[in-house]
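Let me begin by presenting the structure, written as structure tokens, before commenting on it.
Just so you know, all these numbers are worked out from the coordinates, no wet-lab data involved. Keep in mind that this is a model prediction, so the values were computed, not measured. Cβ placement follows ideal geometry from the backbone for every residue including glycine, while neighbour counts extend to all protein chains displayed.
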């Protein structure tokens, strides 16, 4: 059962928090995973989607998601006439589409997953790739790149996180992930030969993910403690990241055109997992005329509550 819908949306691609020191401070103690045992098996008597009656008029409405079983249930309860599965599939999204199954897959060992992946199971390919993100970072990078070329927006977000792992591991060797000298040397060789700046590249993939996920510009970047409010990002960095994001998109469009893959639509999502506020500095540095931005004018901000934890989310009617 899916008990923490919005938190899953935030953590959809992160390696286990215990394995990633960068995630240990990001996961609230109250938050559970998609396989959480707090399954009631049914909606509460009120249907499970009741706005907080104490909210003042004009405040963002808050809804209790205890007992919620799917993202589509959330849309139905809120009266949003959108097909979550259709939107997800059109964006190459498989993990968020099958959150319970994802938990089963991620619990398998690498050999089991690879056998499923070899048989064409895309979810297994994502799972085995995630398992390699810290242990074998360059192999994970190559796998993620192939998933991106197949049109997956989830893989774009996985790419920005992989770049974060690489950047943090190289910058803080005393707090690394137990990489061997060979692994570190291979990663540094890749950086030197490709000329990639890991921080700019990571920001570029974040911007590209936001475009295709229909998220406000900078909304996910601000959640990253190594960027966002705590990262002291300068406007010149935003501009460089936007220019790189444009280059990445142009390259992807060429590949997709050659391989017959449709570009993911840039449209407001049925459910967004962040606050709707745009980041003004990023809007100036990276306008929609240069990097597409979904029309979010018809969307409305909501908050979802599970027990004592509350998340900012938004829902959008049919564009």
Point to revise | Rounded if a/c under 1.5, otherwise prolate or oblate - the range 231-319, Cα gyration tensor axes | key: oblate
**Study point:** Simple label model, 7 Å out from Cα along Cβ direction - residue 259 to residue 100, nm
**Key:** 3.2 nm
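Taking R0 as 25 Å, what's the FRET efficiency between residue 288 and residue 146 from their Cβ-Cβ distance, rounded to 0.05?
Values: r = 29 Å, r/R0 = 1.16.
Efficiency at R0 = 25 Å is approximately 0.30.
Give the relative contact order (percent, whole number) for the range 265-319; include only Cα pairs under 8 Å separated by 6+ residues.
Numbers: 70 pairs, mean separation 27.3, N = 55.
Reported relative contact order: 50 percent.
Test of understanding: what is the full-extension gain from residue 171 to residue 109, defined as 0.36 nm times their sequence separation minus their Cα-Cα distance? Each step should come with its number before you reach the end.
Working: separation 62, 0.36 × 62 = 22.32 nm, distance 2.98 nm.
My answer for the length gained is 19.3 nm.
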**Study point:** Distance histogram in 10 Å bins (all Cα pairs of the range 140-291, percent per bin)
**Key:** 10, 40, 35, 14, 1
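Can you give the relative contact order of the range 113-166 as a percent, counting alpha carbon pairs under 8 Å and 6+ residues apart? Before the final figure, lay out each step's value.
Details: 38 pairs, mean separation 13.6, N = 54.
It comes to 25 percent, rounded to a whole number.
Using a ≥ b ≥ c from the Cα gyration tensor of the range 112-157 (square roots of the eigenvalues), is it rounded, prolate or oblate, where a/c under 1.5 gives rounded and otherwise the larger of a/b and b/c decides, a/b for prolate? Provide the component values of the computation, followed by the final result.
Values: a/c = 1.95, a/b = 1.08, b/c = 1.80.
Oblate.
Going by a ≥ b ≥ c, the root eigenvalues of the Cα gyration tensor, does the range 111-193 fall in the rounded group (a/c under 1.5), the prolate group (a/b larger than b/c) or the oblate group? Each step should come with its number before you reach the end.
Working: a/c = 2.24, a/b = 1.72, b/c = 1.31.
Prolate is the answer for the range 111-193, as a/c is 1.5 or above and a/b outweighs b/c.
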Point to revise | Modelled FRET efficiency - R0 51 Å, residue 66 with residue 189, Cβ distances, 0.05 increments | key: 0.50
Practice item. Show me 209-221, 143-155, 106-118, 298-310 ranked by packing, highest mean number of other Cβ atoms within 10 Å first. Key: 209-221, 143-155, 298-310, 106-118
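Would you work out the relative contact order for the range 55-137, in percent, from Cα pairs under 8 angstrom that are 6 or more residues apart?
17 percent
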